[in-house]
Structure formats: C-alpha cells, structure tokens
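S.K.: There's a structure below that I have some questions on.
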Amino acid sequence: MSAKIGEMLTEKLKKQKNDIVPLLSDLNKISLIEGKSFEVCSKAKDELPLICGNPLLVFSNKNTSKINSELKVGVLFSGGPASGGHNVVVGLYDALKEMNPKSQVVGFLNGPDGLLKSEYKILTDDDINNVRNQGGFYLLGTSRTKFEKESDMQKCYETIQKLQLDGLLIIGGDDSNTNAAHLANYLKKSNSKTSVVGIPKTIDGDLAYLPYLQTSFGFYTASMTYSEMVGNICRDLPSSRKIWHFVKLMGRSASWITLEVAFQTQPNVALIGEEIKQKNMTLSQVIDMVCDVIEKRYSSGKKYGVVLIPEGIVEFIPEIKNLIQAINKAIVNIGNENFLKMHISERREKVIIELSQENERLFASLPYSVQNGLLSGLDPHGNVQVSQIASDVLIMDLVTERLHKKGIKLTTQAHFYGYDGRCGYPTWFDATYTYNLGRAASILVAYRKSGYMVTINKLHNDFDSWQVQAIPLAGMMNVEERKGKESLVISKYLVDLNSNAFKEFEKNRDKWAIEDSYLCPGPIQFFGDDSLVKSKSITMMLNG
C-alpha cells in the first residue's frame, strides 16, 4: 500500500512539473555567433594553450541548415548534488533524439570515477522519464574525484576513445569545470575531436561570471528549501515567545545562501562572512553584534529571535583564520599520523606550545567542543578540518555566556540546514534553467565546440528574454594558492558588498533586528499562479 502511495505522489509531481518549455525550440534553426574574445592570464596560456583562443559564443535562431548528425555524448555529475541536475541530462537527451533518433547518451557512474574506470550505462527512454524534473543525482551517482595527474587524463582519453564519444558534459562547480578545461585541452593535444562542455552547478551560489553567468543551478531550490524551514521557525517565534534560534546554513566559501534566506524570511540577525572579513572583525566583535540585537529586543520584552549563520563563517573571521593556519602548521610539524595517535589532551598540549600568545589566548577562549574540532587532524588535502567546527554552536554558546554575565538568560536552539536542501524537487526556475542548459550543450557538441561552459543570461527577465551563450573556460581562470602552490582555478564568486543585493539587505537589517518583520514563504510551489510558481532568487533579481 505504501509503495503505491509513493508511486502516486511521484507521478503527481512529475505531471505538475512536466510543462518545461524549451528555450531552443527548433534546434534546426540554431547557429552559433562568435562574440568578444576574453583576456586570459599567462598561466592559462601556458597550461591551456589549445583552448585559450575560444571566443564567446551566442546562440541565434538564424540557421537554415538542418542538424541531423547521429551523436554519442557522455555525461557525468561531479561534486555534491544540486536540484536540476537530472534535467540537464533530460534536456541533452531530448535534444539529441530530436536531431537524430539514433543518437545516444552515455551516463558515467559515480561521477568522474566512472570516466576513469570506464563504468557507464547507455541511457534509455525509461531512464530519462523516471528522472524528468526529479531532484538528486541518483540516476548516475556522483563523486568529488579530480583529474590531477597526467595518468588520469590518459585514462579519460582512453575511455572516450573506446566509446567514440562526440562530446562529454561535466556537470559541476568551479573545481569540476576547472577539470573540464584541462581535459578539453588534453583531448585537443591528443588529436581527439570530442567536445568537452561544462555545466554550472552548485547550491552555494559561488559559481558566477557576470554578466555572462548570473547563477549556478540548484542555488535557488536549496535557498527556498531552507527558507521554508527558517520561515516555519519565524512563525514559531512570536507563538512561543521564548527561544533564540541559531541557524547554520550551507555556504563554506560564500554567504549567498544566508543572504537569499535573509531576504526570504527577514530574520533578526544574518551574519555575512564577506562583510566580517572586509571589516576585519574579531570573534568578540561578532559576538557583540549579535548580543546587541538580543539585548535591545530583551529590553522591549522580546525574548526570542533568529540568527542566520553561514557555514564557513569561522574562515571569514581573520583572527580565527590565522589561528587555523597556525594549528595547521603545528600539526604538519608533528605529523598528522602521529598527531592522531595522541589523546586529545596531549594534542592540545603539543599544539599550544606552537602557538603565539595571541593565538593561545584565542584558542583558550573557544568552547571545548570547538577546540576538539580544531584538533581532529588534517583532511586528505592537508588542511585542518574546519567542517568539524559547529559554528552555530560556537556563536550560540559564546553569546549565551556573555549575556549570562549581564543577567540575561537565554533559551536557545541550534539548527544546521545542509544536506536537507541539496536534492529536493527543483523549482520551476531550476527545472527550466537546467533543461535548457542540457539542450544548449547538444548544439555545442553538434558544432564540435570544446572548452566551453554553457550559460543563460538575462535570467532576471521574462523567460522569452533569456539569452543562451557559451563562455570559454580558459577566460574564467585565475591563479590562486592551493595546497601551498599556485594553481589555475575558477575563482569563487563571493558576496559583493557593493552589489544592489547587499545594499538592500544593509538598508533593511536594522528594522528586521528590532521588529518582528518575519516572513514565512512556505513550501516551493509547483502549480498555480505564475507569481508563485515562476519566482526567482531575490539576490539575482536585485543584482540583475
């Protein structure tokens, strides 16, 4: 009985979301017009010489010749899941079959690992129909494997040659698309005619390249999923009138999700990591800022509220970042393997000896749970495991402790909304955006264009005004230090403190702090009025 109910619900949602409109409706009329050339950094010229000359490509409806090639295109998911990923594959599949029913889509299993190990499946109509408009990456699975060695590239090349692929789509974030750029260059060097195309994915919203790439897919669905839960808390606040909720949200490198959820729910406090870093704020100053809001509300009889905290806030606080670097260095000197064999008390002693007086004082001021997180050893990349630090609990405990000394007793509750938002049913925006990214990718493969990322801009306008483009991956590259050496990467897109979105937040936050301006956006809408179903990210709409 329960299986039947589940099947009915799934079919209902498929039908509700089955009205995705193709932006590129007549594929036979699509041509690619070359646009501006991009400046490329010297390291990109050295490492990616064969794709450095790629210009911007603009999709146009002016072609008269028919595209009817029989194509075989591989596709893989890379990195964490994001809602809409399946629709990229669906859009690609539909487009290829429209151009030639004999075309095939090869799905690589478990992300880049499937390409390296030649593990794949030929996708069928049933496969595609079962994931149309569905969340998650469960059709193929995913992994965070990178192509870092020459031998990795060679294995990819061998798999591609064996399958005789005309194209390969890599659906991922900044690191995955950096992989795509290097693979595209390697294949050209190997005289392969396979096109490598990147698709912009990340729920964190930290992959953008204005004005060509406004947002990555999955960001809006994740933000709205979190907003529903935070909005529910906002409804509870003036009902129970006694709890302060500290909510940690996804976003280790950027605070875009926190900013978007703030617009959707209007909390009393929303900490933006980029602002904290720009103002060079100490941990104590951050705590003061939160305490100040709580005290003002307390004095007016409001013993409740909500604080939004980006997951990566500790790395935005300069003194904490310096402490992390010092601990990292100390563990490297001791040796991570030896360090992990020690009891936690011995680890603490060994590290403290290596710290400056300033870092030692800061370390001692942290709750024991946070200290233990910092002493949990290094991750596979050789870095302190910042993910082990419960930043929501850190701020909540320090705020509670400071206010307790002033005679203010708080009832608190910590939350972390993370994986909850990665695989939900995609919003109309994400479902439509991704379906059309997949369709556009098929055109790039048909025209044998490699080393590109498919983008759609003018997303803040009505659907009919959306503009499909392809931007050269080499032009997006910058040099940053990774693992102690200079590396060619696509930089993270951080919250711009001069942007319209941040200025709008800045203008309203003092009012939200004191008043109960809470909003409860409710669940994502799949049918009904267009103003509800076809909504878009507020930050994207403000930034244009």
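S.K.: I'd like to compare 499-510, 103-114, 335-346: which one has the highest average count of other Cβ atoms within 10 Å, and what's the full order after that?
M.R.: Top of the packing list down: 103-114, 499-510, 335-346.
S.K.: Among THR225, VAL40, TYR138, whose Cα sits farthest toward the positive end of the charge dipole of the chain (+1 at Cβ of Lys/Arg, -1 at Cβ of Asp/Glu, about the Cα centre)?
M.R.: With unit charges placed on the Cβ atoms, the residue in question is TYR138.
S.K.: Report, to the nearest 10°, how far helix 219-240 tilts away from the longest principal axis of the Cα atoms in the chain, using its own Cα long axis and a range of 0 to 90°.
M.R.: Long axis of 219-240 versus the principal axis of the chain: about 30 degrees.
S.K.: Full extension from LYS155 to LYS62: what is 0.36 nm times the residue separation minus their Cα-Cα distance, to one decimal in nm?
M.R.: Additional length available on full extension: 29.5 nm.
S.K.: Relative to the compact globular guide of 2.2 N^0.38 Å, what is the alpha carbon radius of gyration of region 78-204, as a ratio?
M.R.: 1.00
S.K.: Just want the ordering: HIS460, HIS404, from fewest to most Cβ atoms lying within 10 Å of their own Cβ.
M.R.: Starting with the residue having the fewest Cβ neighbours, the order is HIS404, HIS460.
S.K.: Then there's this: When DSSP beta bridges are limited to those with both residues in the chain, what percentage is antiparallel, rounded to the nearest 5?
M.R.: Taking every DSSP beta bridge within the chain, about 45 percent pair in antiparallel fashion.
S.K.: Relative to the longest principal axis of the C-alpha atoms of the chain, give the angle of the C-alpha long axis of helix 2-16, reported between 0 and 90° and rounded to the nearest 10°.
M.R.: Approximately 70 degrees, to the nearest ten.
S.K.: Counting other beta carbons within 10 Å of each Cβ, put LYS405, LYS117 in order, fewest first.
M.R.: By the 10 Å Cβ count, ascending, the order reads LYS405, LYS117.
S.K.: Pairs LYS302/LYS511; LYS102/LYS189; LYS296/LYS503: which are spaced more than 26 Å apart, C-alpha to C-alpha?
M.R.: Where the Cα-Cα span goes over 26 Å, the pairs concerned are LYS102/LYS189.
S.K.: Order these by the 10 Å Cβ neighbour count, fewest first: SER31, SER223.
M.R.: SER31, SER223
S.K.: For the chain, what is the charge dipole size about the Cα centre, in debye to the nearest 20, if Lys and Arg each add +1 at the Cβ and Asp and Glu each add -1 at the Cβ?
M.R.: For this selection, approximately 300 debye.
S.K.: Can you tell me how region 312-415 classifies by the Cα gyration tensor, rounded, prolate or oblate, using a/c under 1.5 as the rounded cut?
M.R.: It is prolate, given that a/c is not under 1.5 and a/b is the larger ratio.
S.K.: How many percent of the alpha carbon pairs in region 77-129 exceed a separation of 12 Å?
M.R.: 68 percent
S.K.: Something else now. Treat each spin label as a single point 7 Å out from the Cα along the C-beta direction, and report the ASP46 to ILE33 distance in nm.
M.R.: Roughly 3.8 nm, to one decimal.
S.K.: Specify which residue in the list ASN436, LEU50, ALA180 is farthest towards the positive end of the charge dipole of the chain, using unit charges on the beta carbon of Lys, Arg (+1) and Asp, Glu (-1), about the Cα centre.
M.R.: Highest projection toward the positive end goes to ASN436.
S.K.: Treat each spin label as a single point 7 Å out from the Cα along the C-beta direction, and report the GLU486 to ARG361 distance in nm.
M.R.: Here the answer is 3.8 nm between the modelled labels.
S.K.: As I understand it, the value is the acute angle between the Cα axis of helix 344-354 and the longest principal axis of the Cα atoms of the chain; what does it come to in degrees, rounded to 10?
M.R.: Its long axis makes an angle of about 90 degrees.
Bear in mind that the values in this text are calculations on the coordinates, not laboratory data. Just so it is clear, the model here is predicted, and its values are computed rather than measured. Neighbour counts run over all protein chains shown; Cβ positions are idealised from the backbone, glycine included.
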